[in-house]
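Written below as structure tokens is the structure these notes are about.
The values are calculated or read from the model by the stated rules, or taken from the named source; none is laboratory data. This one's a predicted model, so the numbers in the text were calculated from it and none came from an experiment. We place every Cβ from the backbone using ideal geometry, glycine too, and count neighbours over all the protein chains shown. Ligands, DNA and RNA are stripped out before the accessible areas are found, and what is left, the full protein with its side chains, is counted by its heavy atoms. Shrake-Rupley method; radii C 1.70, N 1.55, O 1.52, S 1.80 Å.
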Amino acid sequence: MLERETQSADTTPEQACPPTGLDAVNQQLAAAYPELSPQLKLAAGYVLEHPVEIAFQSIRKSAGAARVTSSTLVRLAKRLGFDSYEQFREVFQSAVQAGPVELSGRASDLRNLASQTDDQVFLDVGDAAFDNIGRLFTADNQARVRDAAMMLLAAEKIAVVGFRDTFACAYHFAYVGRIAMPNVQLIRGQEGGLLTELAPFGESDVVVAFGFEPYCAETVRALEIARAAGVKPIVITDTLRSPLVPGAAITFTVANATPHFFPSILSAITLIEVLLAECVAYGPDSLVDNVASFESRMREMGAYVSNE
């Protein structure tokens, strides 16, 4: 049953000009989200999480799924500067038609090929994995990856933050990234050392932060400290409603759905590979030299075992 709302629930002024493109719509919704009324938050949350449904469902069906009234969706669209809900929806239709790479279709093939087995969990995990990665490779993300790589290359120092379930992401970024870029530092925050570790970072630096629901208080705190010092955040999270998003210079939202009992980090790890590859591809020659030097040192120290 839809909860009734009063027209006075939200008094935030409408924008003069609507955003052009889905990425801009999402960023403005994320920025406005904390100040929205409860009903507009429900609407905004549904819009952020279900772009395909917004693109093709009727306003009444979308409103029902979001547990708000149709007029709430209209008010949300106008809040962003659109003249009508239809104009708002056209942005989503254009973006969805551009669409992600259809890797998820391979998972459907996998399901069909293995339909004679009874291992449904195995198939479901595979299906989710392909779909998660497919959602990563969009035109919007391609441009965002380039922007993030340029920001990383311009940084004097790079802090990497991720705790609990996303520590694996932070560690992977820091370990692999440091091979090419020695200015990368993993922030561990152990034994109350978070402030001490972040103290050297300032306006010429970047912090890369990972966080999925349930969001770690330490990650939010680390971002607060970094932003206060003028450090530019690149955030990798699961939704634009994430508490890590406010104040971010660049935000990546990665799909992490899985039948597993913990959120998948597959898309985040893939994004790390793309970001670091972009840095090496478009960075100075010294990055390639650093990788070659690292490999040479490891071999000299007997770090690798030959298969011969």
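So for the stretch 252-265 (the condition being among the aliphatic types (A, V, I, L, M) and not in a loop (DSSP other than H, G, I, E, B)), does at least one residue qualify? It would help to see each step written out before you state the result.
If we filter the stretch 252-265 for residues that are among the aliphatic types (A, V, I, L, M), which is where we start, we get 254-255, 257, 265.
Still in the list and also not in a loop (DSSP other than H, G, I, E, B): none.
No, every residue in the stretch 252-265 fails to be among the aliphatic types (A, V, I, L, M) and not in a loop (DSSP other than H, G, I, E, B).
Filter the stretch 63-90 down to residues that are among the β-branched types (Val, Ile, Thr), open to solvent by less than 10 Å² (accessible area, probe 1.4 Å) and in a helix (DSSP H, G or I), then give me how many there are.
Residues meeting the conditions: 1.
Being under 18 Å from the mean Cα position of the chain (by Cα), buried (at least 18 other Cβ atoms within 10 Å of the Cβ) and under 26 Å from residue 141 (Cβ atoms) narrows it down to one of 280, 231, 245, so name that one. Before you say what the answer is, go through the steps one by one.
Working: 280 fails: under 18 Å from the mean Cα position of the chain (by Cα); 231 fails: under 18 Å from the mean Cα position of the chain (by Cα).
Going through 280, 231, 245 in turn, the sole match is 245.
Given the conditions (1) open to solvent by less than 40 Å² (accessible area, probe 1.4 Å); (2) modelled with pLDDT of 90 or more; (3) within 20 Å of the chain's Cα centre (by Cα), and given that residue 254 satisfies all but one, which numbered condition is not satisfied?
(2)
Filter the stretch 132-164 down to the residues that are in a loop (DSSP other than H, G, I, E, B) and at pLDDT 90 or above, then identify the one that is most open to solvent (accessible area, probe 1.4 Å). Give the steps one after another, and end with the answer.
Within the stretch 132-164, the first condition is being in a loop (DSSP other than H, G, I, E, B), and the residues that meet it are 137-138, 155-157, 162-163.
Remaining after also requiring at pLDDT 90 or above: 155-157, 162-163.
Numbers: 155: 12, 156: 114, 157: 54, 162: 0, 163: 21 Å².
Out of the qualifying residues, it is 156.
Conditions (1) under 14 Å from residue 254 (Cβ atoms); (2) in a strand (DSSP E or B), marked per residue:
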{"site": "166", "(1), (2)": "yes, no"}
{"site": "185", "(1), (2)": "no, yes"}
{"site": "191", "(1), (2)": "no, no"}
{"site": "204", "(1), (2)": "no, no"}
{"site": "220", "(1), (2)": "no, no"}
{"site": "236", "(1), (2)": "yes, yes"}
{"site": "240", "(1), (2)": "yes, no"}
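Right, residue 303: assigned to a loop (DSSP other than H, G, I, E, B), free of Cβ contacts under 8 Å to residues at least 40 places away in the same chain and crowded, with 19+ Cβ neighbours inside 10 Å or not?
On the way: assigned to a loop (DSSP other than H, G, I, E, B): yes; free of Cβ contacts under 8 Å to residues at least 40 places away in the same chain: yes; crowded, with 19+ Cβ neighbours inside 10 Å: no.
In short, no.
Among the residues of the stretch 182-198, is there at least one that is open to solvent by 10 Å² or more (accessible area, probe 1.4 Å) and touching a residue at least 60 places away in the same chain (Cβ under 8 Å)?
Yes, the stretch 182-198 has at least one match.
Take residue 214 and tell me if it is under 25 Å from residue 35 (Cα atoms), open to solvent by 60 Å² or more (accessible area, probe 1.4 Å) and not hydrophobic (A, V, I, L, M, F, W, C). First the steps, then the outcome.
Numbers: under 25 Å from residue 35 (Cα atoms): yes; open to solvent by 60 Å² or more (accessible area, probe 1.4 Å): yes; not hydrophobic (A, V, I, L, M, F, W, C): yes.
Yes.
Would you pick out the residues in the stretch 20-50 that are in contact with a Ser or Thr (Cβ under 8 Å, 6 or more places away or on another chain) and acidic (Asp, Glu)?
35, 49
Going through the stretch 237-265 one residue at a time, which ones are of a type in the set (A, V, I, L, M), touching a Ser or Thr at 6+ places or on another chain (Cβ under 8 Å) and touching a residue at least 40 places away in the same chain (Cβ under 8 Å)? Break it down into steps so the answer makes sense when it comes.
First pass over the stretch 237-265, keeping only residues of a type in the set (A, V, I, L, M): 240, 244-245, 248-250, 254-255, 257, 265.
Keeping just the survivors that are touching a Ser or Thr at 6+ places or on another chain (Cβ under 8 Å) gives 240, 244-245, 254-255, 257, 265.
Within the stretch 237-265, 240, 245, 254, 255, 257, 265 meet the criteria.
If residue 116 meets every condition in (1) at pLDDT below 90; (2) in a helix (DSSP H, G or I) apart from one, which number is that one?
It fails just one condition, (2).
Quick check on residue 226: is it part of a loop (DSSP other than H, G, I, E, B) and small (Gly, Ala, Ser)? Steps first, answer last, please.
Details: part of a loop (DSSP other than H, G, I, E, B): no; small (Gly, Ala, Ser): yes.
Considered against the rule, which asks whether it is part of a loop (DSSP other than H, G, I, E, B) and small (Gly, Ala, Ser), residue 226 comes out as no.
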